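Remarks on the structure that follows.
No value in this document is a laboratory result; all are computed from the given coordinates. All values derive from a computational prediction rather than experimental measurement. Here the Cβ is made from the backbone with ideal geometry for all residues, glycine too, and neighbour counts use every protein chain on show.
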Amino acid sequence: MQEIATSSRTRNIIRKHGFTFKKSLGQNFLIDGNVLDRIIGAAELDHSRGALEVGPGIGSLTERLAQSAGKVAAVEIDQRLIPILQDVMSPYPNVSVVHSDILKTDLQQLWKEQFSDLAGVSVVANLPYYVTTPIIMKLLEERLPIENIVVMVQREVAERMSAKPGGKDYGSLSIAVQYYCEPELVCIVPGKSFIPAPNVDSAVIKLKRRAEPAVSVADEAKFFQVVQASFAQRRKTLANNLSALSGKERKGELAELLRECGIQPERRAETLTLQEFALVCEMLTRHGM
Ligand code: SAM
């Protein structure tokens, strides 16, 4: 049988089940086999490994994952898609369809139930664009034993995740992602690769999990608080933004301490490397700011 990720098979499945798309759930189904080749290639799966898919839709990517991985757990929020998935995935006993909102799913528990006997797990997904960042942050912050994350996201989001210091794309998302992972842009995907076609370009990005975070900080929560505060108003200087943490009355002292770290207080947050943010964080902590 023709694979699901084709315009004709996708349309047939949708017609057969009387399915209608919900824009509010970010439903754009992939119909481009070449893009699936790139996603599956980047995920480096084999039959000893597992794959967690977020939002399987009608199963175009799930089908490929089932053929490449030992075990697939596919978490879908839309109840209407569950019987469709059970139908199209019936040839693949290694696929578990889970009806759940990924943001409310106990992933530690899911890992125990689905992946305990596997050599490693990748997250592979064509993400719903309205919740891309919360999903990525949940996957990273829960410290699950994920080897890599290969996801389709809006092109602009992929560019922000992989941005280096110095440009307008570099911000708190770049730092959060790069703290945990090494990002690599896999390919740009035009709207016509989906049904219905979104009116923005998409991109596949691979986030390779680092063995240790990119920088070592004593208090991670404080590090991310410093990053958030530094970017609060992009046009303001670092010292101005950070005075929200030090208190306005200690702004002069703050500027002096930044200079002592080798960081000019007039710089903007978008020019600081992760190492420099770590330095600033340690300095603020040491001086009770
Ligand atoms: N994987 C399919 C494909 O590539 O054709 C569908 C991708 S579509 C962009 C996103 C999917 O995520 C939809 O099936 C949607 O119902 C599902 N979804 C949206 N929000 C979700 C959530 N919070 N948890 C789990 N699935 C979600």
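Within the range 170-196, the residues that satisfy the criterion of being part of a strand (DSSP E or B), in contact with a helix residue (DSSP H, G or I) (Cβ under 7 Å, 6 or more places away or on another chain) and in contact (Cβ under 8 Å) with a residue 60 or more places away in the chain are V186, C187, V189, I195.
A203 meets the conditions (1) without any contact (Cβ under 8 Å) to a residue 60 or more places away in the chain; (2) among the aliphatic types (A, V, I, L, M); (3) over 30 Å from I58 (Cβ atoms) in every case but one. The failed one is (3).
On the basis of being assigned to a loop (DSSP other than H, G, I, E, B), of a type in the set (S, T, N, Q), within 12 Å of the ligand (Cβ to nearest atom) and surrounded by fewer than 19 Cβ atoms within 10 Å (Cβ to Cβ), does Q79 make the cut? In short, yes. Selection of the range 142-169 for residues being of a type in the set (G, A, S) and touching a helix residue (DSSP H, G or I) at 6+ places or on another chain (Cβ under 8 Å) yields S162, A163, G166, G167. Figure legend. Inter-residue proximity from the range 65-81: first residues of a type outside the set (A, V, I, L, M, F, W, C), second residues in a strand (DSSP E or B), beta-carbon distance below 7 Å, spacing 6+ or different chains. Indicated pairs: G70/G50; K71/G50; E76/V97; E76/H99; Q79/H99. What is the residue count in the range 95-154 for residues that are in a strand (DSSP E or B) and among the acidic types (D, E)? Number satisfying all stated conditions: 1. Hey, among the residues in the range 98-123 that are within 16 Å of the ligand (Cβ to nearest atom), in contact (Cβ under 8 Å) with a residue 12 or more places away in the chain and not aliphatic (A, V, I, L, M), which one's farthest from I135 (Cα to Cα)? Of everything passing the filter in the range 98-123, Q114 is farthest from I135 (Cα to Cα). E276 meets the conditions (1) under 20 Å from Y179 (Cα atoms); (2) in contact (Cβ under 8 Å) with a residue 24 or more places away in the chain in every case but one. The failed one is (2).
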